[in-house]
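K.L.:
Before we start, here is the structure in question, set down as structure tokens.
FYI, it's all coordinate maths here, none of it is from the lab. This is a predicted model, so every value here is computed, not measured. Don't worry about glycine lacking a Cβ; one is built from the backbone with ideal geometry, like all the others, and counts go over all protein chains shown.
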Ligand code: SF4
Ligand code: SF4
Ligand code: SF4
Ligand code: SF4
Ligand code: SF4
């Protein structure tokens, strides 16, 4: 694949460790801070956020609710109180603005597990397995909505790994660990990026919110790309890169697919500094 | 050649590969289409199966186990499972930390709040902070008076071990009840075993018991004789068309079917008022654990206060 002559320009300055890990570190920091906001209360008596990602109250005033959960509740036929609905609207607005899957990259605790699984898979050089169709997550999303309407209860919450893990980390966990371990093993052995990239209905839902994202990654210096494939290797949704990087089906350098988690990992790993974090209207490319 | 997936706008860029390897004469486009359709079918099938599985699992695992009680104001269980998003805000705002979110694999539906009376009962806070904290209405804010809470219903399940049933004066469950003398009373009964003492039987009244669990928590026995259950488990129900004659009589100031002819009781002349209950008392049969105090083996309060004042001849000799 990478059989093109590698144009190793001599002007390449070796990038510092910080430059190579910056977005990863920021992202982990963000995930940790979200968790800490919930844990500072029970640990130190410092109540920043109460509840969990399903629904929470921050500093006693700001309600936040998972909009997918609010949608399922409505489908069961229950009309939640204004607190939950307001919370869902705020979260919905936020992700419509910055990009739905920012949730996956910057907030969701399962992301740490699946990133670790992807890393393990790369390290062990595992190439086996069978990846489910990328559309599976949308069918699953449809399925859980139908399940809520048909059973009249929040059926998906019995097993939803995302809330299992987040709730478990804050309120204590036992059996939920097996589900998380299952996801890790599945991602390592069976399907590369299997859970977050192909199955998770929450990821699918937040992906649908990504069409208007203001925050986007751009392959601005794509002319400098030497086809090392590093970005494709680390990207949790590698299919989103090609249209922007290779101008396939689009002219501009912006990664517009709503599957992009805006994780910035491609920026980290690219030695040619092709990618940068920017906004939706920044069509500049060098 | 790329093919846009209709659902998510992905570019499925696998059109050329199967054609290169394929030995059968098949156009690349149709091979790609076949793969695409297969993929979608598998995805749809898998997705629906998983969702169905979750739905079925949620149905099978949704009966609340006997010792798990919902916080005050909780909707009826079916509605509760539709409304509660499992956020734990109620858990956080309970000042006595009695609530817990169920973990996967526990008999309580995953993530939902509950408490176990024998471990730590509800303190029945006047301001009901748990209800105020709930953002979804799974805990109903219509509940403003904690005495109207119906978290469960206490039942004196073990008549064989309850110390008051054995003739002692324990009374602990009665004394700790926050709704004392309404939710739980001591009903005086003749003790047919000693034939000269009273038994004060703790008796729960469903119209006032909040199900807080204090009585179960404080029962002095190693295993509580009084237990609090979800109401659905603890309470029976009469058929809707049943009317209690004496209640109707009181309400209407007289019998609805006119005065009835009193027939003489034959065959029991001279015996102890002809109550079969007297015989069952001495018979060494264990009372059914679910039997209400008014049923056998002891005569009901009405009977006790009526014809039995003179004392039963229970054939008991010191
Ligand atoms: S895809 Fe799902 S599990 Fe993965 S990060 Fe997003 S929400 Fe979390
Ligand atoms: S394209 Fe870059 S920012 Fe987007 S998901 Fe892939 S690695 Fe992350
Ligand atoms: S009434 Fe008070 S003690 Fe009982 S569950 Fe609510 S907050 Fe906790
Ligand atoms: S606060 Fe309400 S929605 Fe949240 S866990 Fe408690 S009952 Fe459920
Ligand atoms: S559960 Fe027990 S203590 Fe609580 S109200 Fe009912 S009888 Fe009283």
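K.L.:
Grab the beta carbon distance between residue B:233 and residue A:126, set R0 = 60 Å, and tell me the FRET efficiency rounded to 0.05.
P.N.:
Calculated transfer efficiency: 0.75.
K.L.:
Here is a follow-up. Based only on other Cβ atoms within 10 Å, what is the fewest-to-most ordering of B:123, B:106?
P.N.:
Starting with the residue having the fewest Cβ neighbours, the order is B:123, B:106.
K.L.:
How far apart, in nanometres, would the label points at residue B:194 and residue A:233 be if each is projected 7 angstrom from Cα along the Cα-to-Cβ direction?
P.N.:
The modelled label-to-label distance comes out at 8.7 nm.
K.L.:
Okay, moving on. Among A:158, A:139, A:106, determine the one that fluctuates most according to a GNM of chain A built with springs between C-alpha atoms less than 10 Å apart.
P.N.:
Fluctuation is largest for A:158.
K.L.:
Using the Kirkwood radius over C-alpha pairs as Rh, can you work out the diffusion coefficient of the stretch A:48-88 via Stokes-Einstein at 25 °C, viscosity 0.890 mPa s, in µm² per second?
P.N.:
The estimated diffusion coefficient comes to 242 µm²/s.
K.L.:
Same structure, new question: Taking a temperature of 25 °C and a viscosity of 0.890 mPa s, what whole-number D in µm²/s does Stokes-Einstein yield for the stretch B:199-243 with Rh from Kirkwood over alpha carbon pairs?
P.N.:
The diffusion coefficient I find is 196 µm²/s.
K.L.:
Once each part is reduced to its C-alpha centroid, what is the distance from the stretch A:232-262 to the stretch A:14-79 in angstrom?
P.N.:
Going from one Cα centre to the other spans 27 Å.
K.L.:
Can you tell me the order of A:77-83, A:108-114 when each peptide is scored by its average per-residue count of other Cβ atoms within 10 angstrom, highest first?
P.N.:
Per-residue Cβ counts within 10 Å, averaged per peptide and sorted highest first, yield A:108-114, A:77-83.
K.L.:
Taking the Cα atoms of the stretch A:112-151 alone, what are Rg (to one decimal) and Dmax (as a whole number) in Å?
P.N.:
Using the Cα atoms of the stretch A:112-151, the pair Rg, Dmax is 15.2, 44 Å.
K.L.:
Next question. Return one number: the angle in degrees, 0 to 90 and rounded to the nearest 10, between the long axis of the Cα atoms of helix A:17-44 and the longest principal axis of the Cα atoms of chain A.
P.N.:
10 degrees
K.L.:
Using the Cα atoms of chain A, I'd like the radius of gyration and the largest Cα-Cα distance, Dmax, both in angstrom.
P.N.:
19.8, 65
K.L.:
Another one. Going by C-beta contacts inside 10 Å, put A:275, A:178, B:165, A:94 in order with the fewest on the left.
P.N.:
A:178, A:94, B:165, A:275
K.L.:
Calculated FRET efficiency, residue B:160 and residue B:247, Cβ-Cβ r, R0 25 Å, to nearest 0.05?
P.N.:
Here the calculated transfer efficiency is 0.20.
K.L.:
Running a GNM on chain A with Cα contacts under 10 Å, which residue among A:64, A:177, A:256 ends up with the highest mean-square fluctuation?
P.N.:
Comparing A:64, A:177, A:256 in the GNM, the peak value goes to A:177.
K.L.:
In addition: In whole angstrom, note down how far apart the Cα centers of the stretch A:176-192 and the stretch B:142-157 are.
P.N.:
Their Cα centres are 43 Å away from one another.
K.L.:
Measure nothing but the geometry: give the 0 to 90° angle between the long axis through the Cα atoms of A:176-185 and the longest principal axis through the Cα atoms of chain A, rounded to 10°.
P.N.:
20 degrees
K.L.:
Let me ask something additional. Which one, A:230, A:271, A:66, has the greatest fluctuation when you compute a Gaussian network model over chain A with C-alpha springs under 10 angstrom?
P.N.:
Most flexible of the set in this elastic network: A:230.
K.L.:
List the extent of the Cα atoms of the stretch A:91-176 along each of their three principal axes, largest first, rounded to whole Å.
P.N.:
Largest to smallest, the principal-axis extents are 45, 36, 31 Å.
K.L.:
Relative to the longest principal Cα axis of chain A, at what angle does helix A:161-171 sit, 0 to 90 degrees, rounded to 10?
P.N.:
Its long axis makes an angle of about 60 degrees.
K.L.:
To make sure I understand, if each residue's beta carbon is the centre and we count other beta carbons within 10 Å, what order do A:119, A:23 fall in, fewest to most?
P.N.:
By the 10 Å Cβ count, ascending, the order reads A:119, A:23.
K.L.:
Can I ask one more? Principal axis extents for the stretch B:118-195, Cα atoms only, whole Å, descending order, please.
P.N.:
Between the extreme Cα coordinates on each principal axis of the stretch B:118-195 lie 57, 22, 14 Å.
K.L.:
log₁₀ I(q)/I(0) of the stretch A:152-277 at q = 0.13, 0.20 Å⁻¹, via Debye over equal Cα point scatterers, no solvent, to two decimals?
P.N.:
Taking Cα atoms of the stretch A:152-277 as identical point scatterers yields -0.64, -1.11.
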